[in-house]
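Asker: Once you've had a glance at the structure underneath, I'll fire off some questions.
The values are calculated or read from the model by the stated rules, or taken from the named source; none is laboratory data. The structure displayed is predicted, hence computed values, not measured ones. Note: ideal-geometry Cβ built from the backbone for every residue, glycine included; neighbour counts use all protein chains shown.
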Amino acid sequence: MVLRIRSKRDINHPEITKDLERVGAWVVDTSMVPGFVDLVVGFRGDWYLMEVKGAVKKLRGKKQIMFHYVCKAMNLPVYVIMDSDEALRTIGAI
């Protein structure tokens, strides 16, 4: 039996993923994991947890809010990004 989880990706998600990969980042799309960040990005020996948002930087759902709260309590940064430039600046590619 396969468990299917419906997840709504923001429209800018594929473009951001493509641009991160273009500069040599290793990108794992985790948007299908409920409450977890959308992307786990590896670049030059560092890891980044990224939440992709479209028009508004607002967290949705209890699981997502709780995950961000736990990360903050553990001093583990989660980057909420809205476009490719912001993602590339976050990892230090531009």
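Asker: Can you name every residue in region 25-36 that is touching a strand residue (DSSP E or B) at 6+ places or on another chain (Cβ under 7 Å) and surrounded by fewer than 16 Cβ atoms within 10 Å (Cβ to Cβ)?
Answerer: Here is the first cut: in region 25-36, the residues touching a strand residue (DSSP E or B) at 6+ places or on another chain (Cβ under 7 Å) are 25-30.
Result: W26, V28, D29, T30.
Asker: Tell me which residues, restricted to region 66-86, are under 19 Å from P14 (Cβ atoms) and either in contact with a Phe, Trp or Tyr (Cβ under 7 Å, 6 or more places away or on another chain) or outside any loop (DSSP other than H, G, I, E, B) (or both).
Answerer: To start, the set of residues in region 66-86 that are under 19 Å from P14 (Cβ atoms) comprises 79-86.
Result: Y79, V80, I81, S84, D85, E86.
Asker: When region 37-65 is examined, which residues are found to be part of a loop (DSSP other than H, G, I, E, B), surrounded by fewer than 16 Cβ atoms within 10 Å (Cβ to Cβ) and at pLDDT 90 or above? Even if it seems obvious, please write down each step before you answer.
Answerer: Here is the first cut: in region 37-65, the ones part of a loop (DSSP other than H, G, I, E, B) are 37-38, 44-45, 53-61.
Those left that are additionally surrounded by fewer than 16 Cβ atoms within 10 Å (Cβ to Cβ): 44-45, 54-58, 60-61.
If the condition is that a residue be part of a loop (DSSP other than H, G, I, E, B), surrounded by fewer than 16 Cβ atoms within 10 Å (Cβ to Cβ) and at pLDDT 90 or above, then R44, G45 are the ones that fit.
Asker: When you go through G35, G45, G61 one by one, which is the residue that is touching a Lys or Arg at 6+ places or on another chain (Cβ under 9 Å), at positive phi and free of Cβ contacts under 8 Å to residues at least 40 places away in the same chain?
Answerer: G35
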